[in-house]
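Below is one structure, written out as C-alpha cells, with a few remarks after it.
The values are calculated or read from the model by the stated rules, or taken from the named source; none is laboratory data. In this text the structure is predicted, and so the values were computed from the model without any measurement. Cβ placement follows ideal geometry from the backbone for every residue including glycine, while neighbour counts extend to all protein chains displayed.
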Amino acid sequence: MNRVVPVVLLAVVLGGCARVEPGNPPSAPPATTTSAGGQTNDPALQSAAQALEPMLKSKFHGTYSGLEVNGPDGVIVVYRVPDEALDRAVHEAAPDVRVRFKQSVYPLSKMESVVERLDADADYWKSQGVQLTTWGPAPDGSGVNVTTVAGEVDRPKLVERYGDIIRVTRADYPVPVPKSIPATPTR
C-alpha cells in the first residue's frame, strides 16, 4: 500500500501515515519551508523527533498518538492520551528540546488497527459504491482521516462499520502529472 505524507500547516508530522487507493500515485512530501518565525525543518528538532518517535511507538503504544515538529515555535508537540510515564520519558530522552504535550482522544495503536481494517475492506467499499481515496491516522490522535470522492455523504456507512473514530473529507483521486509534454500538438 502506498503511503502519503499528510501536509500539516508549517509542521512536519511524524506520528501518522495515510494510505492511498492502489493504482493512484502518492503526493510528494512537503519541501522545507521557512516563515517569519524561522525554519520549519530545524535539524535539532528533527533529530530529537526522529529519536523520540520510535521510542514512543514501542514503549507507549497504548497512549502515544503522534508528534509534530513546529520549527517556527521551536517546539516538538507530542499528542498522547494523558500518561505521566510518557511525559517523563520524553523529557529524559530530549532534555534540551522544548516539548509541548497535547491531549488526544485515541492512541496510535487504536487508529492503526482501524487503518488496517480499512486496508482489508477496500474492495468491500468499492462494491458498496464508496470510493475511498486516502485513509490514515490523524497525527493529533483525534481519529482516522478518510477521504472519499463523495465526502460527508459516505460518513454514516463508515461510522457504522468502524465507529466514531472515523473523520471523513471529500477529495477526488490524485491526478498524476504527465511525464512529458509533446513539443508539437497531436491530433
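A quick yes/no check of all residues on (1) surrounded by 13 or more Cβ atoms within 10 Å (Cβ to Cβ); (2) at pLDDT below 95; (3) in contact with a strand residue (DSSP E or B) (Cβ under 8 Å, 6 or more places away or on another chain):
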| residue | (1), (2), (3) |
| --- | --- |
| V90 | yes, no, yes |
| Y106 | yes, no, yes |
| E112 | yes, no, yes |
| E116 | no, no, no |
| D121 | yes, no, no |
| V146 | yes, no, yes |
| R155 | yes, no, yes |
| E160 | no, no, no |
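Cβ-Cβ distances below 7 Å connect the following pairs, each with a first residue in the range 50-62 that is more than 15 Å from P139 (Cβ to Cβ), a second residue that is assigned to a helix (DSSP H, G or I) and polar (S, T, N, Q), and a separation of six or more residues or different chains: H61/S109; G62/S109.
Condition check ((1) assigned by the TED database to the domain that holds G163; (2) under 26 Å from T169 (Cβ atoms)) across all residues:
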| residue | (1), (2) |
| --- | --- |
| G74 | no, no |
| V77 | no, yes |
| A93 | no, no |
| V115 | yes, yes |
| S142 | yes, yes |
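Quick check on this structure: which one of E68, E53 is in a helix (DSSP H, G or I), surrounded by 14 or more Cβ atoms within 10 Å (Cβ to Cβ) and of a type in the set (D, E)? Outline the logic, then answer.
Details: E68 fails: in a helix (DSSP H, G or I).
Exactly one residue qualifies, and that residue is E53.
Within the range 95-113, the only residue that satisfies the criterion of being without any contact (Cβ under 8 Å) to a residue 12 or more places away in the chain and in the same structural domain as V149 (by the TED database) is S113. With respect to D172, determine if the residue is touching a Ser or Thr at 6+ places or on another chain (Cβ under 8 Å) and modelled with pLDDT under 95. Here the answer is yes, as D172 does meet what is asked.
Condition test on V177, is it modelled with pLDDT of 95 or more, surrounded by fewer than 19 Cβ atoms within 10 Å (Cβ to Cβ) and farther than 25 Å from S113 by Cβ?
Numbers: modelled with pLDDT of 95 or more: no; surrounded by fewer than 19 Cβ atoms within 10 Å (Cβ to Cβ): yes; farther than 25 Å from S113 by Cβ: yes.
Taking the combined requirement at face value, the residue does not satisfy it.
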